[in-house]
Amino acid sequence: MAHMRSVLRGRLCGMREILRCQKASYTEASRKETHFGFQAVSEEEKRERVYKVFENVAHNYDIMNDAMSLGVHRFWKDWLLQLMKPTPGMQLLDMAGGTGDISFRFINYIRAQREKWIRQELKFQQDLSWPDISKTYQNKEEGSLMGSRAVICDINKEMLKVGLQKSLRLGYSEGLSWVAGDAEELPFGDDKFDVYTIAFGIRNVTHIEQALQEAYRVLKPGGRFLCLEFSHVNNPLLSKIYDVYSFQVIPVLGEVIAKDWKSYQYLVESIRRFPSQEEFKAMIEDAGFSKVNYHNLTSGVVAVHSGFKL
Ligand SMILES: C[S@@+](CC[C@H](N)C(=O)[O-])C[C@H]1O[C@@H](n2cnc3c(N)ncnc32)[C@H](O)[C@@H]1O
């Protein structure tokens, strides 16, 4: 009996030790410092605060994007799609996809290609009767995206909800999936996508290196990584104007339109903290990507980084 009691006590001590270690390592992780804009915070706090920012701004996100960039974000996103050149059958992961802007452009691009393809086919069949022509259209209609699919993945359910409502309103029901997930731990198997995009998302992620490794993992061999992100302005005059605009106008717009100064203050600060074009290029290479390069748009206000999984 005494022996049993001493064995039991020994086991309990062991368990307590394990629990103590687990608690210590958890507390250590949550205490590890990072930044939220210009403030030093724990990693756990950053995750929570980033979540809150996008939860708060979700309903005004699109209107604020237009107001802050004077509509220029549309041009930057179009440019990303021109670089991607979607092809029929392509599988896209639109990471941190928010309200779906990149995926909607992807669908538009595939639809336009399909229209072009139908027109070309009809040109070669000039002697077809009207019923034949209408049949050709109907056949093409069956797979109107020709197997292409975009998966919009975002950690924030509120952003996804707004995006899904927008997709239904604008008639983008086919070829889209909406998935809640963390860029640092993707809910997808290896080698699944042809293209991984992350537009204005990566600077919000706590461990950027981890997100890049996950991007590499889920891409098929030959697949492409494309990141559109705010970057470092390379024109001194524009840089001065941009600084004044960022710190003195954007938070005010945030307050007036979205009643949320703090979220837009964070936005501006997080942009300034993001690595330079060259530093980010090196990080992408470290994750295993090949042929990494970048293009500055609007004198480096944003940059598009590209790399391949070869
Ligand atoms: C500025 S919005 C960009 C949305 C969209 N890509 C666009 O260009 O309009 C940033 C998005 O990143 C998401 N995000 C932040 N951290 C994330 C993470 N760890 N994993 C996935 N998404 C994240 C936010 O929820 C938010 O929807």
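Please treat every number below as a calculation from the coordinates, not as lab data. The structure presented is a predicted model; accordingly, all values stated were derived computationally and were not measured. Note: ideal-geometry Cβ built from the backbone for every residue, glycine included; neighbour counts use all protein chains shown.
In nm, what is the difference between 0.36 nm times the number of residues separating GLN39 and VAL256 and their Cα-Cα distance?
Stretched fully, the GLN39-VAL256 segment lengthens by 75.7 nm.
For HIS207 and GLU48, compute 0.36 nm times the residue count separating them, minus their Cα-Cα distance, and round to one decimal in nm.
55.8 nm
What ³J(HN,Hα) values, in whole Hz, does the Karplus curve 6.51 cos²θ - 1.76 cosθ + 1.60 give for region 71-77 when θ = phi - 60°, with x put for Gly and Pro?
Per-residue couplings from phi come out as x, 5, 4, 5, 5, 4, 5 Hz.
Rounded to the nearest 0.05, what FRET efficiency is calculated for GLN125 and LYS192 with R0 set to 35 Å and r the Cβ-Cβ distance?
Working: r = 37 Å, r/R0 = 1.07.
That gives a FRET efficiency of 0.40.
Tell me the net charge near GLN213. Cut-off is 11 Å between Cβ atoms, GLN213 excluded, with +1 for each Lys or Arg and -1 for each Asp or Glu.
On the way: positive: ARG217; negative: GLU184, GLU185, GLU209, GLU214, ASP286.
Neighbour charge sum, excluding GLN213 itself: -4.
Where does the chain land at 222 nm, in deg cm²/dmol rounded to the nearest 500, when only DSSP H runs of n ≥ 4 count, each adding -39500 (n - 2.57), divided by all residues?
Counting only the DSSP helices, I get -17500 deg cm²/dmol.
Mind listing P(r) for region 196-310? All alpha-carbon pairs, 5 Å bins, whole percents.
Cα pair-distance distribution for region 196-310, in percent: 2, 12, 20, 21, 16, 12, 9, 6, 2, 0.
Provide Rg and Dmax in Å for the chain, with only Cα atoms included in the calculation.
Cα radius of gyration and Dmax of the chain are 23.9, 100 Å respectively.
About the Cα centre of the chain, what is the dipole size in debye to 20, counting +1 per Lys and Arg Cβ and -1 per Asp and Glu Cβ, all else neutral?
540
Quick one: if the Förster radius is 45 Å, what FRET efficiency do GLU55 and TYR245 give, using the C-beta to C-beta distance and rounding to 0.05?
On the way: r = 26 Å, r/R0 = 0.58.
So the FRET efficiency works out to roughly 0.95.
Would you mind counting up the charge near PHE289? Only other residues with Cβ under 13 Å from its Cβ, with Lys and Arg at +1 and Asp and Glu at -1.
Around PHE289, the surrounding residues sum to +1.
Once the Cβ-Cβ distance between PHE75 and ARG169 is put in as r, and R0 is 25 Å, what FRET efficiency do you end up with, to the nearest 0.05?
Working: r = 23 Å, r/R0 = 0.91.
Computed FRET efficiency for PHE75 and ARG169 comes out at 0.65.
If I stretch the segment between LEU237 and GLU285 completely, what's the gain in nm (0.36 nm per residue apart, minus their alpha carbon distance), one decimal?
Taking 0.36 nm per residue and subtracting the Cα distance, the gain is 14.1 nm.
Computed on alpha carbon atoms, what radius of gyration and Dmax characterise region 156-240, expressed in Å?
Final numbers for Rg and Dmax: 15.8, 46 Å.
Roughly what would the spin-label model give for ASP66 and ASP132, points 7 Å off Cα along C-beta, in nm?
About 4.6 nm separates the two model spin labels.
Taking the radius of gyration and the Kirkwood hydrodynamic radius from Cα positions alone, what is the Rg/Rh ratio for region 81-239, to two decimal places?
My calculation of the ratio gives 1.07.
I'd like the antiparallel share, as a percent to the nearest 5, of DSSP beta bridges with both residues in the chain. Before the final figure, lay out the partial values.
On the way: 18 of 38 bridges.
Bridges in the chain that DSSP calls antiparallel: roughly 45 percent.
Cut-off under 20 Å on the C-alpha distance; same-chain residues fewer than 8 positions from LYS77 excluded. Which aspartates and glutamates are left, in chain and number order?
ASP62, ASP66, ASP94, ASP101, ASP154, ASP194, GLU229
Report the local net charge at ASP191: Lys and Arg +1, Asp and Glu -1, summed over other residues whose C-beta lies under 13 Å from its C-beta. Please list the in-between numbers first.
Details: positive: LYS192, ARG217, LYS220, LYS309; negative: ASP190, ASP194, GLU214.
Every neighbour counted, the sum reads +1.
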